[in-house]
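Chemist: Before we start, here is the structure in question, set down as structure tokens.
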Amino acid sequence: MNRQVFEGRFLINMASSIIRQDTFRPMYGRTNWELMYRTAEYHKIANVIYLGLLGNDSKRNARWKERFFERYQSALRYGETCEESEREILNLLDMKEISCTILASSSIRELYQLKETAANNPLRIFLSGEDYTLAKGLLIDLGYETDRTYKGCGERMKRISGFQVEIYHHFPFKPPAYEKHLLQLIGHAPIRSPFQYVRILSLEGEFVFRSAEIAYHYVTDELLIRELLDTYLFYQYWKSEMSNEYIMKGLSDFNIDNLIPLLMQLTRMWFGNKEDPVFGMSSEDTEVYDMLENRILSRGKIKDETNPQALYLERILEQIEKKELNKEKWKQFRERLGDSHSSFRRGLRWLFPEYRYMCGLYPSVEKVPLLLPICWIRRDIRLLFQIIRRR
């Protein structure tokens, strides 16, 4: 079994017992907790795993248990500041009449039985280009600094307290269809009370947005366990108030209406109960879920993809990346061609200086301009002999 898959399954078993509040049977043996910590940190579930380690008194993992505790402590502190920080940002944007749409917020924490097991999710906001510049300036004034840049899309900003906000002027997805359909979701977003300029995605809109993101991350082999868990809990909590027809229409627009139910069903198998159906699906075809699980946990190293929608999205991304590569190669060729052209022109100017310069060297040229070619040759021969003598 692939090492990453083994570590992932071990961590999922531990995390699911905490999320469901089940009894977890501690596993004995020589577990490499350094690798376990790095895997848990990658999937953003290290704070959950800490609670599962409380019953394990092994001295071998004491150092890494401390690292897990640091992540748990960070989640506790984040919960104390996130709501106030979000309110401060949204109030300021609304007061300055800056239109924005909330894509996701820390409200997802409310769906966890233990709030400290939620991730340190940033406030995610979409703005137009001009509003984006204004909003960034306001965030800088509030003490936020750029923590990560999403090239051509936006950035993540962080304050010393640890709170994070992500602002976008374009969505961080390459397929044009993604941008088109996500802008349609933004267009239907209602105003969030009590604001006048702050919008928020509807329940169905947020679920479709989260689904589009996990489908994209799945085919790019960047999907995190935390992303699946957040989306699953969101669906389970709000499904009675959401229109299944609207959701399926939205997923169909992104061509992920088969892939997402499978991923949600897999997440239910990890973290849910048999009594919690997802899209009315059964989990009888275990080979499909094994394929999904292996790809996610191995981060694409085990890739036996059979889902037609995932394969289609992969082909789209490959075509886009090929176009971007060709565009970059053409840009580099033009730059090299421009450099060569500039060098050639400099060489010509050195061999055949302009008329005024030659008049200074040879006054006869000014009297008889026809002598210019002869003087060029005379000058170049003289310079050539000077170079030969120096050698």
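Chemist: Positive end of the dipole of the stretch 105-240, charges at C-beta (+1 Lys, Arg; -1 Asp, Glu), about the Cα centre: which of 113, 219, 123 has its Cα farthest in that direction?
Modeler: Farthest along the dipole direction, towards plus: 113.
Chemist: If we sort 308-314, 321-327, 260-266 on the protection proxy, mean other Cβ atoms within 10 Å, highest first, what's the order?
Modeler: Numbers: 308-314: 16.7, 321-327: 10.4, 260-266: 22.4.
So the order, starting with the most tightly packed, is 260-266, 308-314, 321-327.
Chemist: Still on this structure, I have one more. If each DSSP helix of 4+ residues adds -39,500 (n - 2.57) and the sum is divided by the residues in the chain, what number results at 222 nm, nearest 500 deg cm²/dmol? Numbers along the way, then the final one.
Modeler: Details: 15 runs with 235 residues, N = 391.
Value at 222 nm, helices only, nearest 500: -20000 deg cm²/dmol.
Chemist: Can you run phi through the Karplus equation (6.51, -1.76, 1.60; θ = phi - 60°) for the stretch 84-96 and list ³J(HN,Hα) in whole Hz, with x for Gly and Pro?
Modeler: 5, 5, 4, 4, 4, 5, 5, 4, 5, 4, 5, 5, 8
Chemist: Share of the chain's accessible area from carbon and sulfur, percent, 1.4 Å? If you can, show how the numbers build up before the last one.
Modeler: Details: 11410 of 22060 Å².
Summing carbon and sulfur atoms, their accessible area is 52 percent of the total for the chain.
Chemist: Along the charge dipole of the chain, pointing to its positive end and built from +1/-1 on Cβ of Lys, Arg, Asp and Glu, which listed residue (236, 146, 350) has its Cα farthest out?
Modeler: Value: 350.
Chemist: Set the Förster radius R0 to 22 Å, insert the Cβ-Cβ distance between residue 177 and residue 88 as r into 1/(1 + (r/R0)^6), and round the FRET efficiency to 0.05. Write down the numbers at each step before the final one.
Modeler: Values: r = 36 Å, r/R0 = 1.62.
With R0 = 22 Å, the Cβ-Cβ based efficiency is 0.05.
Chemist: Here's something else I'd like to know. Normalised radius of gyration for the chain, please: alpha carbon Rg relative to 2.2 N^0.38 Å, two decimal places. Numbers along the way, then the final one.
Modeler: Details: Rg = 30.3 Å, N = 391, 2.2 N^0.38 = 21.3 Å.
Relative to the rule-of-thumb radius for its length, the chain sits at 1.43.
Chemist: Over the chain, average the accessible area per residue using a 1.4 Å probe and give it in Å², no decimals. Mind showing how you got there, number by number?
Modeler: On the way: 22060 Å² over 391 residues.
In whole numbers, the chain has 56 Å² accessible per residue.
Chemist: Tell me, what ³J(HN,Hα) does each residue in the stretch 153-169 have, in order and in whole Hz, if you take phi through Karplus 6.51 cos²θ - 1.76 cosθ + 1.60 with θ = phi - 60° and put x for Gly and Pro?
Modeler: So the Karplus estimates, Gly and Pro as x, are 10, x, 7, 9, 10, 9, 9, 4, 5, x, 5, 10, 9, 10, 10, 10, 10 Hz.
Chemist: Testing the spin-label approximation: label points 7 Å from Cα along Cα→Cβ at residue 335 and residue 371. State their distance in nm.
Modeler: That separation, rounded to one decimal, is 4.8 nm.
Chemist: To the nearest 20 debye, what charge dipole does the chain have about its Cα centre, counting +1 at the Cβ of each Lys and Arg and -1 at the Cβ of each Asp and Glu? If you can, show how the numbers build up before the last one.
Modeler: Details: 58 positive and 54 negative charges, 629 e Å.
So the dipole magnitude of the chain works out to roughly 3020 debye.
Chemist: According to the square roots a ≥ b ≥ c of the eigenvalues of the Cα gyration tensor, what is the shape class of the stretch 98-206, taking rounded for a/c under 1.5, prolate for a/b larger than b/c otherwise, and oblate for the remainder?
Modeler: On the way: a/c = 1.39, a/b = 1.07, b/c = 1.29.
It is rounded, given that a/c, with a ≥ b ≥ c, falls under 1.5.
Chemist: Taking R0 as 51 Å, what's the FRET efficiency between residue 301 and residue 359 from their Cβ-Cβ distance, rounded to 0.05?
Modeler: On the way: r = 72 Å, r/R0 = 1.42.
Approximately 0.10, to the nearest 0.05.
Chemist: Give the shape of the stretch 328-391 as rounded, prolate or oblate, defined through the alpha-carbon gyration tensor: a ≥ b ≥ c are the square roots of its eigenvalues, a/c under 1.5 means rounded, and otherwise the shape is prolate if a/b is larger than b/c and oblate if not.
Modeler: Values: a/c = 4.45, a/b = 1.87, b/c = 2.38.
Oblate, since a/c reaches 1.5 and b/c is not below a/b.
Chemist: Then there's this: At residue 41 and residue 142, where each label point lies 7 Å from the Cα along Cα→Cβ, what is the point-to-point distance in nanometres?
Modeler: Inter-label distance under the simple model: 2.8 nm.
The values are calculated or read from the model by the stated rules, or taken from the named source; none is laboratory data. These numbers come from a predicted model, not from an experiment. Every residue, glycine as well, gets a Cβ built from its backbone with ideal geometry; the counts of neighbours run over all protein chains shown. These accessible areas exclude ligands, DNA and RNA; they are computed on the full protein's heavy atoms, side chains included. Shrake-Rupley method; radii C 1.70, N 1.55, O 1.52, S 1.80 Å.
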